[in-house]
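A.B. asks: Below you'll find the structure I mean.
Since every read-out is calculated from the coordinates, none of them should be taken as a lab result. Quick caveat: nothing in here was measured; it's all calculated off a predicted structure. Glycine gets a Cβ as well: all are built from the backbone with ideal geometry, and neighbour counts include every protein chain shown.
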């Protein structure tokens, strides 16, 4: 079970934080800020290493990642050598300094436990459509030593593919010698339970404040929403979105610093710009659609900065239109429009339609329970209180605008009929309700933090809390006892909040996700019988064999799970003319020499027959792969229940 891979999990956490921490330290970030920036900077380092490795004829593994991290860390130190250390704030007490670490640890335990519960066991894998490509891509990168976004698409006959997640999972697998499913699952735990909370804590710290109450609120809230990270492990499976959205909060925090949304103590200098550029490099290669989400988040920040600038300079119109202000603003607006128009998936990949009416979608967005999840009874009231407080405070109004924007996008994608306007607004995210739903939790977490901050700084509530807590004149109690009672009450509140946060949406998503990872005789992609047959492939067929099979039935996972390559490594892989000949006419192999010519050309002498059950319930079995038990040109080699492995004998020995 999970205890058996705990050392590898801890090692993988350190592995994926170390490159970014080295760069953050070079940029003179210290304390929690350095730790919280590490995930975004690490992914930037990893994608650079994976991209340049093929050009240097070096296998992608720990070595190029370490070299890139050292080089970028050295550059960071040189650029920032005269900069004061950032992240340690004078006057911060011990508890205030420790609170974000405690909150991050709390979130790690809670989210990590729920993700493990959803997956079930380290060797389990997602029984979903996209799992075929993602698992095989990790195996492909391990075999070829190539995890570059420029070339990993060659696996399926395609071109560029944003392979940030693939590189991360490959690095974990190669460093610790893990099988593909275990490496993928450990990566998922780290992204959801480490990267996501650290990013949320940094975003709240740099936009709302560094109080202990805000940190604890964020730590609990980010673990209390079903729409992320669990939803991305349930639907799809969308591992690249899991990575990219876990990086989004840190990139937003850096943008907030540069655009002067952050408090004055947060540095907004050249090192912050360099950190943002490196984090955006990782974000874009993780998934371009989440980069567009980052652009959407920054639009209200730019508007807020522009409004403040105009307000300060309104007595001097010439200063308002100074190039130093107008050129960056116009450049941002032009870049935003161009990227929004062109950085989007092709129309044939954006076919998703609405699943609700607009009023239903609006209700779900308001209570942060998209896609029929139960209401977030802990986070939603705090977030709505935070929305009210944000609308009343100038420094938070940009956050209220972000809520309105993403709520509007979710209502459009989930409740509007298919139309050109809908595609213009939500086509960036494939017109997919799930992908936009996964963007709502970050808004909820930050608004909940604003709500908690408002509660903690409201004098009437503070006075009431003291009366309820002490139930007597506080002067009659020793100060040590008062402090102990206050800390005890806070501990109880946090424990109750954690328990309440798991009720509803999180519990439902754990149940939904666990059904997608369950290995049973009736699993939709690879059943238990089929998996046993796959695991025996190394003993049944040669290493260089290429297996035929209907990829919709999970036969293509013979590569990731059985170390024997399939003719199609993805359900939608390119099909060569020879392969198509086999698919169409294998049933006539004994009487058609062209079929044997194709078999020899593809070096495909083995066929996996996993029946007619397909992952999406369709029917895509090629005519040549039907009725293999009645084909005189093939011989049964192995079977496990209904799963069968045949060898094509009519074309001679391979």
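A.B. asks: Please work out the Cα center distance from the range 393-455 to the range 173-244, rounded to the nearest Å.
C.D. replies: 19 Å
A.B. asks: Right, next: Please arrange 308, 508, 516 by counting, for each residue, the other beta carbons lying within 10 Å of its beta carbon, fewest first. Could the numbers behind the result be given before it?
C.D. replies: Numbers: 308 14, 508 18, 516 23.
Listed from fewest to most nearby Cβ atoms, that is 308, 508, 516.
A.B. asks: Compare the peptides 243-253, 68-78, 131-141, 340-350 by average per-residue count of other Cβ atoms within 10 angstrom and give them in order, highest first. Walk me through the numbers on the way to the answer.
C.D. replies: Numbers: 243-253: 29.6, 68-78: 17.5, 131-141: 25.9, 340-350: 12.5.
In descending order of packing, they fall as 243-253, 131-141, 68-78, 340-350.
A.B. asks: Can you work out the FRET efficiency for the pair residue 540 and residue 66, with r the C-beta to C-beta distance and R0 = 35 Å, to the nearest 0.05?
C.D. replies: Working: r = 39 Å, r/R0 = 1.12.
After rounding to 0.05, the efficiency reads 0.35.
A.B. asks: So what's the angle, to the nearest 10 degrees on a 0 to 90 scale, between helix 459-470 and the longest Cα principal axis of the chain?
C.D. replies: Approximately 80 degrees, to the nearest 10.
A.B. asks: Right, next: For the residue pair residue 96 and residue 405, what label-to-label distance in nm results when each label sits 7 Å from Cα along the Cα-to-beta-carbon direction?
C.D. replies: Modelled inter-label distance: 3.1 nm.
A.B. asks: Hey, what angle do you get for helix 131-144 against the long axis of the chain, alpha-carbon based, 0 to 90 degrees rounded to 10?
C.D. replies: Approximately 80 degrees, to the nearest 10.
A.B. asks: Can you tell me the relative contact order of the range 528-648? Whole percent, Cα pairs under 8 Å, sequence separation 6 or more.
C.D. replies: Values: 217 pairs, mean separation 36.8, N = 121.
Relative contact order for the range 528-648 comes out at 30 percent.
A.B. asks: Which percent, to the nearest 5, of DSSP beta bridges fully inside the chain are antiparallel?
C.D. replies: Numbers: 10 of 15 bridges.
Around 65 percent of the beta bridges assigned by DSSP in the chain are antiparallel ones.
A.B. asks: Provide the descending list of Cα extents for the chain along its principal axes, expressed in whole angstroms.
C.D. replies: Projected onto its principal axes, the Cα set of the chain covers 95, 61, 50 Å.
A.B. asks: Give, in nm to one decimal, the length gained when the segment between residue 6 and residue 522 is fully stretched (0.36 nm per residue of separation minus the Cα-Cα distance).
C.D. replies: Details: separation 516, 0.36 × 516 = 185.76 nm, distance 2.99 nm.
So the extension gain works out to 182.8 nm.
A.B. asks: While we're on this one: Hey, what angle do you get for helix 31-52 against the long axis of the chain, alpha-carbon based, 0 to 90 degrees rounded to 10?
C.D. replies: 30 degrees
A.B. asks: Order of 360-367, 558-565, 439-446, 424-431 by packing, highest average Cβ count within 10 Å first?
C.D. replies: Values: 360-367: 19.2, 558-565: 23.0, 439-446: 26.8, 424-431: 21.5.
Listed from highest to lowest mean packing, they are 439-446, 558-565, 424-431, 360-367.
A.B. asks: Right, something else. Can you tell me the equivalent ellipsoid semi-axes for the range 528-648? Use √(5λ) from the Cα gyration tensor, largest first, whole Å. Mind showing how you got there, number by number?
C.D. replies: Working: eigenvalues 77, 48, 42 Å².
Rounded to whole Å, the semi-axes are 20, 15, 15.
A.B. asks: Further, regarding this structure: Could you tell me what percent of the DSSP beta bridges with both partners in the range 528-648 are antiparallel, to the nearest 5? Write down the numbers at each step before the final one.
C.D. replies: Values: 10 of 14 bridges.
Taking every DSSP beta bridge within the range 528-648, about 70 percent pair in antiparallel fashion.
A.B. asks: Subtract the Cα-Cα distance of residue 310 and residue 490 from 0.36 nm times their separation in residues, and report this length gain in nm to one decimal.
C.D. replies: On the way: separation 180, 0.36 × 180 = 64.80 nm, distance 4.32 nm.
Separation in residues times 0.36 nm, less the Cα-Cα distance, equals 60.5 nm.
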